[in-house]
Protein chains: 2
Amino acid sequence: MKKAITIVDVARLAGVSRTTASDALNNNGRVSEPTRMMVERAASALGYRPNAAAQSLRTATKGAIGIHLPEVMTRIDYYLQIVYGALEEAARQQINVTLITSQRLFGGHRPPVDGVILLDPLAHDTSATQLMDLDVPVVTLEPADGADQAGVVSADHEAGVRELLDHFVAQGASTPALLASPRSTNWGTRVQTAYRQWCREHGKRPFVTERTFGSDSATLAEAARELLSLDESIDAVLCGPDGSALVVMDVIQDSGRSPGADVQIAALVDNPALAYVDPPVTAIDLAPRPAGAHCVELLLGILRGERAPDEVVPLEIEVQYRASTRD
Amino acid sequence: MKKAITIVDVARLAGVSRTTASDALNNNGRVSEPTRMMVERAASALGYRPNAAAQSLRTATKGAIGIHLPEVMTRIDYYLQIVYGALEEAARQQINVTLITSQRLFGGHRPPVDGVILLDPLAHDTSATQLMDLDVPVVTLEPADGADQAGVVSADHEAGVRELLDHFVAQGASTPALLASPRSTNWGTRVQTAYRQWCREHGKRPFVTERTFGSDSATLAEAARELLSLDESIDAVLCGPDGSALVVMDVIQDSGRSPGADVQIAALVDNPALAYVDPPVTAIDLAPRPAGAHCVELLLGILRGERAPDEVVPLEIEVQYRASTRD
DNA sequence: GGTGCTATTCGGATCGTTCCGGCATAGAGT
DNA sequence: ACTCTATGCCGGAACGATCCGAATAGCACC
């Protein structure tokens, strides 16, 4: 149990006072350049790590941010990627991350965080509003209903949907249908709206079936059959729910047609499995890792007062073209 | 920005000194019962929450524990459940949880935690040993190779495997086979060993195929076909890798046989999907939530010196009998 | 009544950091 | 020469809790 190095040790080695050392390390502009360098050299020579607890105590900050995972873990892998991206960025900025689950909020438990990130909040999720009451800055991934005063990281899902639909047509499809996720999230709503809008613009009739988040394969298969039976001429399917693309491929195969050749398939949420099935499925890469990183970056920026508390940060997403829309 | 309630406020309301208030709340045995109650009443009346930073500073603890997620997220849902269980228990005990990923360990970054939990560590994962170097108590879920001085939460997987195999036989099977996960985790090893041991005891020839963690469906399907072709008389399959049970069912169906009736199926890791497919699949519920909770409980116990640093806590797991082994 | 003991309470001191005001010193302005 | 300001540095004080040793009181016992 060796004793840790404090700022006093650094100050002594640099030949200055505690205060000066602190000012130097925090770039407070109250020290001259030469001494600042001295102190910095001393600090790194000793391997000085500021004591987080003391810092928190003095500055009345927590040194941690929270990430709220939605109640229903649709797209588990997607969320996990986001969390990983966030962890990476947070580690870079020396900030801790605590996961906040909805249960933890009950009983008025207040997690010790300086700000929170809300992932793709459900429309009527009470925990979201509860978090806003925490009185700390909030960043949401995709806009949330009740969150006016929140920073937002948002992707242009409409563009993604249109790009896929245009691609379907370019590959010879005439009637694209949509197996949709419900409109209880911002994403679900925007996907459906974009699809309908595109149909209107192109003078096509929209075909949509919808299933709740977290539906199992059987339900999705039934939805797929229902969708395909809506119209004989459907020759392309946009798949929203996680895992639905594989199910749809199955259903198409069962009906004696060939996925990719007879009926094109594309998924709205990419996922490692989609690249390895036969045929590989075209999908939108929602860039979960960068998404998580952007959220952290924005939140910390807001906390430091460097960025507006309602700034909107665009997130680049990209269609991954694969064989399911090429044959 | 309302001011927070400190222990001084509590003390004032209770009519005692801050020291006494502190002693009362921490059950130090130095205060009389009546005053202890007074203080406690005052604290809860004011809604007092101790300042974590101040506590950390004084007691030289971090007030947080880390959970290390394995590199390859096999069984994603399973791990997530564990994390949730851990979060719950930690919240109950007023302790924070930080996720530790392998990347975060590079560059000598030392997460500010009082102890760490290692989930089902891979045999040759360097991050595990790196964590042990952190010089804080460790609890592993399932024993780890290099971790002698660690608390362990462990389930009797052998019993589970034997129970399933006995059940196969009781339901009329003669030749159970094993679709195995590799022996790079303690769990994988023990499953294979238990299966072989059971076969020896029952005078049966073991049939095993193995695929690496994180194999995709195609690979698993190929493994299943390989396994079934090893011997004509195989009439029951134990499925290790996550998701493999569904694939095996598919393969059996393709071969013209009926899963459940002609070939029994059971999974070693339960998962919500298994209850909803047709037929529902018998599986071992590995109790991930309690597992996470036990890990936290044990780790905190060790930190408080109430439990031995190498204590082994048993974890109850239970076979969920379903139709795939009943027809 | 004096002494010793136990039970209970309390007042600094302390953890490591940042912040506020003060104090030199030096240079510029009058 | 004297004041004024800017610059650079420093010494307390504070954040909110815990811990150690001391103080007080009550009580029993000789």
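The values are calculated or read from the model by the stated rules, or taken from the named source; none is laboratory data. Just so it is clear, the structure is predicted and the values come from calculations on it, not from any experiment. A quick note on method: Cβ atoms are made from the backbone with ideal geometry, for glycine too, and the neighbour counts reach across all protein chains shown.
Numbers below:
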| quantity | calculated |
| --- | --- |
| Residue list for segment B:26-56, restricted to those being out of contact with any Lys or Arg (no Cβ under 9 Å at 6 or more places or on another chain), within 17 Å of B:Arg304 (Cα to Cα) and within 14 Å of another protein chain (Cβ to nearest Cβ) | B:Gln55 |
| Condition check for B:Ser102: under 25 Å from B:Pro137 (Cα atoms) and either at pLDDT 80 or above or of a type in the set (Lys, Arg) (or both) | no |
| Within segment A:230-250, tally of residues that are β-branched (Val, Ile, Thr) and surrounded by fewer than 24 Cβ atoms within 10 Å (Cβ to Cβ) | 2 |
| Only one of B:Ala86, B:Ala64 that is facing chain A (nearest Cβ under 8 Å), within 30 Å of A:Tyr79 (Cα to Cα) and either buried (at least 18 other Cβ atoms within 10 Å of the Cβ) or in contact with a His (Cβ under 9 Å, 6 or more places away or on another chain) (or both) | B:Ala64 |
| Some residue of segment A:13-24 being in a helix (DSSP H, G or I), modelled with pLDDT under 95, more than 8 Å from DNA strand C (Cβ to nearest atom) and loosely packed, with under 15 Cβ neighbours inside 10 Å | no |
| Which listed residue is under 26 Å from the mean Cα position of the chain (by Cα), farther than 23 Å from A:Val83 by Cβ and away from chain B (no Cβ under 13 Å), from A:Val248, A:Val312, A:Val296, A:Val269 | A:Val248 |
| Of all residues in segment A:3-25 being of a type in the set (S, T, N, Q) and within 10 Å of DNA strand D (Cβ to nearest atom), the one that is nearest to B:Ala60 (Cα to Cα) | A:Ser22 |
| Flag for B:Thr219 being outside any loop (DSSP other than H, G, I, E, B) and either at positive phi or among the hydroxyl-bearing types (Ser, Thr, Tyr) (or both) | yes |
| From B:Ala43, B:Ala53, residue being buried (at least 21 other Cβ atoms within 10 Å of the Cβ), near DNA strand D (Cβ under 9 Å from one of its atoms), farther than 30 Å from B:Asp270 by Cα and not aromatic (Phe, Trp, Tyr) | B:Ala53 |
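Quick grid of which residues meet (1) within 14 Å of B:Ala267 (Cα to Cα); (2) modelled with pLDDT of 90 or more:
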residue	(1), (2)
B:Leu131	no, no
B:Leu141	no, yes
B:Gly151	no, yes
B:Ser154	no, yes
B:Asp166	no, yes
B:Ser174	no, yes
B:Ala177	yes, yes
B:Ala180	yes, yes
